[in-house]
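What follows is a set of notes on a single structure, which appears directly below.
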Protein chains: 2
Amino acid sequence: MALTPARTMPGVLELLPLDQIAFQRMLDTIRRNYERFGFLPIETPAIEYADVLLTKTGGETERQVYFVQSTGALEQGEKPELALRFDLTVPLARYVAEHEHDLSFPFRRYQMQRVYRGERAQRGRFREFYQCDIDVIGKDGLSIRYDAELPAVIYSVFRELDIGPFTIQLNNRKLMRGYFESLGIADSEQQMLVLREVDKLDKRGAGYVRETLTGEQFGLSAEVAEKILAFVQVRSASLADAFGKLDALGAGPEALEQGRAELKEVLGLIRDFGVPETHFALNLSIARGLDYYTGTVYETTLDEHPQIGSICSGGRYENLASQYTKSKLPGVGISIGLTRLYWQLREAGLVDTARSTVDVLVTQMDAAQLPAYLAVANELRAAGIATEVVLEGGKLGKQFKYADRAGIRFVVVLGEDELAKGVVTVKDLRREDQFEVPRAELVRTLRVELEQAAVMG
Amino acid sequence: MALTPARTMPGVLELLPLDQIAFQRMLDTIRRNYERFGFLPIETPAIEYADVLLTKTGGETERQVYFVQSTGALEQGEKPELALRFDLTVPLARYVAEHEHDLSFPFRRYQMQRVYRGERAQRGRFREFYQCDIDVIGKDGLSIRYDAELPAVIYSVFRELDIGPFTIQLNNRKLMRGYFESLGIADSEQQMLVLREVDKLDKRGAGYVRETLTGEQFGLSAEVAEKILAFVQVRSASLADAFGKLDALGAGPEALEQGRAELKEVLGLIRDFGVPETHFALNLSIARGLDYYTGTVYETTLDEHPQIGSICSGGRYENLASQYTKSKLPGVGISIGLTRLYWQLREAGLVDTARSTVDVLVTQMDAAQLPAYLAVANELRAAGIATEVVLEGGKLGKQFKYADRAGIRFVVVLGEDELAKGVVTVKDLRREDQFEVPRAELVRTLRVELEQAAVMG
């Protein structure tokens, strides 16, 4: 039989086991923190009805959808009625609308699953990737205070992920809208176009953006262009600074006043939630592409790696599920795109291959002593120590080499000598050290070693 | 805008949060035990190239495949080149062949992901379901001892899942093949047909099966039919009994002798792995449909719920990835179909809705005191206690009701009185009890309560 080349499609991130362990640890950390803040897990099917998924979308998103057909449907030449989810927000909307009467509101859910997008194949673009989302959904209303809780969760997650200093940056769509209105740019389409130009500030420079805004397409006055550039460059260095800069915007239309009041309340509460002032700031350039957001918007950046862009984004929306239900379901949510984040951290040298999940390898000196090796492994496992036993045998040197290559730190040797003396030899492959312990103290000793290793890294 | 009905396709199991928590706890238990035995995690993409997935299959499986197409491919009327995985074994074969030179052998992997099958819509049949697999893959060879390790893992998993007494049942395809040969049924196709008839024993009774075997289609003698019926009814009550019954089969062709020797070695080692004799047994009726298995085969059943069928199955195979690589990769593996298992346990009343992952709800008596509530929540979270804070306010009675409905056991009340006295009132909604603790002792007290709750259930 001719061999089929073993390969995966472009745009998927398939990891070797030790990298998978590093990735899994990040997932675990995120989940632990989401749960610590009282978010509840849900999972939704990867396959949904296409008409359910595609009610609201159009344009770019719809073009990236993967459609699904069973063999039967395909043979009958039917139009596909199924599709893979492209985010977790639409499935959340469907879930809340479908199970509305079985849920308690405010509904606080987390969801960590893969989503699918038919992106063009390109380095760093993924067709399958994890999203790790939290949202709080209210019924009829939802206090602005929840807008301050999500940054507290973000802070908790990224502090524990330990990937360097980061800043949660906030803006408010109402504030932006109001400010633009005050400059005579009232049309929201036009506001988005201006923002898109302003987004080029870092790449093209202020001169280019100023020229475009005052040019034919936009026809803004030099004064207005200057005000826009000044506005989007507002950043705060502390809570007091943020309040000062918000006040310095001066009086404006209702939307601006409302946005300012919301931002002030949210910023103040974030501090009450225990987030240090070093870790959150005003950034009036943040708009988030989606028309979806109506109030608070967030982005999070790594201070030392701005090129990575936002590692956690989200915001407040008016109505989650208007396409499925007449209930009014306002909410606020954030999303971490973990596959992309992991990949970028690895590119930047910020995540290592993990130590193995396997703590100990019990070697095999003599097949006849297998029951003794298995008894040791049983004890270790009962104590929660992940243990592999060499069942195949072979030279001891080869067994050590296997452990080393597999990232297993501790190797247990039980030879004739050890068995006679009632001891065990433990080799620490990391420290290139070895020591003997009485058989009865093996579990305790390894526990201490492993706890130290967990702390010391 | 007309509303789109919020719904999912038939054959998916979407859970409410408290059920999702129960499900997640089962996943966690399985993962913890897989890791404890030194298995390493991998994840593969849900979407694979169709030609890679469908090299070996045909018939039923291929008819159940979901094909995937991006919008662009669909519009061009192309034949789909992508498909969703229908199990984790084919992706494992592809993975090992693709990454062969980066893996250490024996390669011990676990994988817990969803798979997709275009099953007919039917109660208890799932189109999307979790498989939780472990396999050990050798290069060129793999010791039979690994066949004994997997039952030790199964034992560890199901003991901890705590869903009642269970028995891991073993057979060996070589033994079966040899025994059938000794009866003059040498053709493996014919052997499978006979086994399929024998499988109807429970449903149709011995009379029916005997008649069929001696009838026109098979044309076996009454004596041979009787021997087959006796063979497949062999069960052991202990290790000694298993050895006795294997010996009682008498001498036979090479395959039988080899199968018997393997079974004896495996059974003996399972005991050395620490599995009590009450939890594993010989069952010579087990064949496992797949032609794939060549030696040891396993099934696991709940003693008190035989109607559920096998909850964990697998076996030994000669060559994992012959369609992708010339390397010889023998292996042994098992799989738990967790979605189906969870569903069946729930149907049988064997799993409850879980307690919430949220341990404590901090109520809101007075919005002005929010910073105090948040400070309490921060302390609790820092101590690893999952805590939700009521941010919205409203009547205290309504807040209690929310906690109760959401399955949160402990509610913290910090009113004017409590704040003045430096105490906190804790309501235990489960025991319908409440008590006051000094503010400084809250964390310690709740930790003790939660530990007790975890032990007592």
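With neighbours defined as other Cβ atoms within 10 Å of a residue's Cβ, the residues A:68, A:448 order from fewest to most as A:448, A:68. Helices in chain B, meaning DSSP H runs of at least 4 residues, each add -39500 (n - 2.57). Divided by all residues, the mean residue ellipticity at 222 nm is -12500 deg cm²/dmol. Report the calculated FRET efficiency for residue A:395 and residue B:291 (r = Cβ-Cβ distance, R0 = 41 Å), to the nearest 0.05. Efficiency, rounded to the nearest 0.05: 0.65. Annotation for residue B:304, label-to-label distances across the other copies: 5.6 nm (shortest first, one decimal, point 7 Å from Cα along Cα→Cβ).
Between residue B:201 and residue B:241, what length in nm is gained on full extension when 0.36 nm per residue of separation is reduced by their alpha carbon distance?
So the chain would gain 12.1 nm between residue B:201 and residue B:241.
Counting other Cβ atoms within 10 Å of each Cβ, which trypsin sites (Lys or Arg not before Pro) in the range A:313-353 have at most 15 and sit in a DSSP loop? When the trypsin sites (Lys or Arg not before Pro) of the range A:313-353 are filtered for loop state and at most 15 Cβ neighbours within 10 Å, A:326, A:328 remain. 3J(HN,Hα) couplings calculated from phi for the range A:214-224 with the Karplus curve 6.51 cos²θ - 1.76 cosθ + 1.60 (θ = phi - 60°) are, in sequence order, 8, x, 4, 4, 9, x, 7, 6, 4, 5, 5 Hz; Gly and Pro show x.
Remark: mean inter-chain Cβ contacts per residue of A:9-20 equal 5, using a 10 Å Cβ-Cβ cutoff to other protein chain atoms. Along the axis of the charge dipole computed for chain B (Cβ charges of +1 for Lys and Arg, -1 for Asp and Glu, origin at the Cα centre), the listed residues B:142, B:131, B:40 are led at the positive end by B:131. Rounded to the nearest 20, the size of the Cβ-charge dipole of the range B:263-311 about its Cα centre is 120 debye, with Lys and Arg at +1 and Asp and Glu at -1. Projecting 7 Å from Cα along the Cα-to-Cβ direction, the label point of residue A:261 sits 8.7 nm from its equivalents in the other copies, listed shortest first.
Inter-label distance, residue A:417 to residue B:125: 6.4 nm, where each label sits 7 Å from its Cα along the C-beta direction. Remark: the protein assembly as shown carries a charge dipole of roughly 200 debye about the Cα centre, counting +1 on each Lys and Arg Cβ and -1 on each Asp and Glu Cβ. Of all lysines in the structure, those lying under 30 Å Cα to Cα from residue A:398, and not within fewer than 8 positions of it along the same chain, are A:421, A:427, B:139, B:264, B:326, B:328.
At a threshold of 8 angstrom on Cα-Cα distance, excluding pairs fewer than six apart, so keeping six or more, what relative contact order does the range A:279-435 reach in percent? Relative contact order comes out at 14 percent.
Separation of the range A:81-113 from the range A:159-219 is 31 Å, based on Cα centroids. Shown for B:63, B:439: other C-beta atoms within 10 Å of each C-beta, ranked fewest to most, produce the order B:63, B:439. Averaging the Cα positions of each part gives two centres, and for the range A:231-302 and the range B:355-430 these lie 28 Å apart.
Charge dipole of chain B (Cα centre as origin; +1 on each Lys and Arg Cβ, -1 on each Asp and Glu Cβ, all else neutral): 360 debye, rounded to the nearest 20. With the dipole of the protein assembly as shown worked out from charges on the C-beta (+1 for Lys and Arg, -1 for Asp and Glu) around the Cα centre, which of B:72, B:285, A:364 lies farthest toward the positive end? Of the candidates, B:72 comes out farthest on the positive side.
Counting from the shortest, the label point at residue A:141, 7 Å from Cα toward Cβ, is 7.6 nm from the same position in each remaining copy.
The numbers here are math on the coordinates, done by the rules we state, and not lab data. This structure is a prediction, so every number in the text was calculated from the model and none was measured. Heads up, the Cβs are rebuilt from the backbone with ideal geometry, glycines too, and the neighbour counts pull from every protein chain shown.
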